[in-house]
1. From the alpha carbon gyration tensor of segment 80-128, can you work out the equivalent ellipsoid semi-axes (sqrt of 5 times each eigenvalue) and give them in Å, largest to smallest?
2. What dipole magnitude, in Debye to the nearest 20, does the chain give about its Cα centre under +1 on Lys/Arg Cβ and -1 on Asp/Glu Cβ?
3. When only alpha-carbon atoms count, how far does segment 1-44 stretch along each of its three principal axes, as whole angstroms with the largest first?
4. So if I place +1 on the C-beta of Lys and Arg and -1 on the C-beta of Asp and Glu, and nothing else carries charge, what would the dipole magnitude of segment 85-192 be about its Cα centre? I want it in debye, nearest 20.
5. With springs only between Cα atoms under 10 Å apart, run a GNM on the chain and tell me which of ALA156, ALA28, ALA166 wobbles the most.
6. Using helices alone, what [θ] at 222 nm do you get for the chain, with -39,500 (n - 2.57) per DSSP H run of 4 or more residues, divided over all residues and rounded to the nearest 500?
7. So what's the net charge close to ILE163: Lys and Arg +1, Asp and Glu -1, counting the other residues with Cβ under 12 Å from its Cβ?
8. Take every Cα pair under 8 Å in segment 3-222 that's 6+ residues apart, average their separations, divide by the length, and report that relative contact order as a whole percent.
Amino acid sequence: MSLQLDTINLTLGDGDQQVVALDNVNLAVAPGELVAVLGPSGSGKSSLLAVAGLLLRPSTGRVSIDGTDVTDLGDRERAQRRADRIGFVFQAANLVPSLSVREQLLLIEHLRGGRPRLAEQRADRLLEAVGLTSRAGHRPGQLSGGERQRAGIARALMNEPGILLADEPTSALDRARGRAVVELLAQQAHEREVATLMVTHDTSMLDVADRVLEMRDGQLAPRAPVAA
């Protein structure tokens with residue numbers, strides 16, 4: 001599944017307080033590709049993810065998923081597309097404190113009204129893929145930061161998305177754990193043919209990405225070469 005943003009503009013606020021969050025943004029992410037978007041706080045990275053994830057409707061421009069224009073879908077249809085086709089990985093794992101790791105994943109399928117037996121099998125495969133089989137019965141408070149993020153990635157993949165959006169997934173981790181998380185994102189993107197978009201300010205992880213773009217003042221462009 002592919003993701004494409006064509007000539008996206010997004011203005012936020014009212015009256016004199018309007019801010020241009022995205023300025024003529026074009027982006028295509030192919031199936032199986034991990035694209036990293038680098039930029040400082042306030043550059044528009046979170047707005048980019050919100051538009052790509054159908055959480056915000058752009059002021060102008062077009063959002064397409066697998067070649068289908070989804071820009072003007074109604075709220076219910078947008079929510080259904082998110083549930084069926086898009087996975088989200090957050091800065092903090094945002095796990096439910098009272099649920100075990102395995103139950104976090106099963107909750108996603110329950111909310112979608114899926115089949116419990118198939119959901120259990122898929123959850124177990126995902127936990128094995130992210131190296132958390134032995135921690136499946138543990139609650140978030142019993143996990144390390146890296147384990148919580150890996151659980152968050154498994155949960156994001158539970159709906160078998162074609163698109164995966166990651167918002168600063170390493171911000172709460174040390175360098176070693178952060179790198180392990182980004183490498184896991186890349187592995188899952190490549191193996192599952194998921195179009196993956198990761199926004200970050202961490203330059204130490206960029207070599208893992210298939211492509212690196214830079215966002216400044218709402219504008220997106222290829223990253224400039226780093227001077228030797």
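Read the figures in this text as sums done on the coordinates, not as results from a lab. Computed from a predicted structure; not experimentally measured. Counting neighbours? That spans all protein chains shown, and the Cβs are built from the backbone with ideal geometry, glycine included.
1. 17, 15, 11
2. Details: 26 positive and 29 negative charges, 150 e Å.
In debye, rounded to 20, the chain gives about 720.
3. So the extents along the principal axes, rounded to whole Å, are 42, 22, 13.
4. Working: 16 positive and 12 negative charges, 32 e Å.
Taking the Cα centre of segment 85-192 as origin, the dipole is about 160 debye.
5. Highest fluctuation among the options: ALA28.
6. -10500 deg cm²/dmol
7. Its environment carries a net charge of -1.
8. On the way: 428 pairs, mean separation 72.1, N = 220.
Dividing the mean separation by the residue count of segment 3-222 yields 33 percent.
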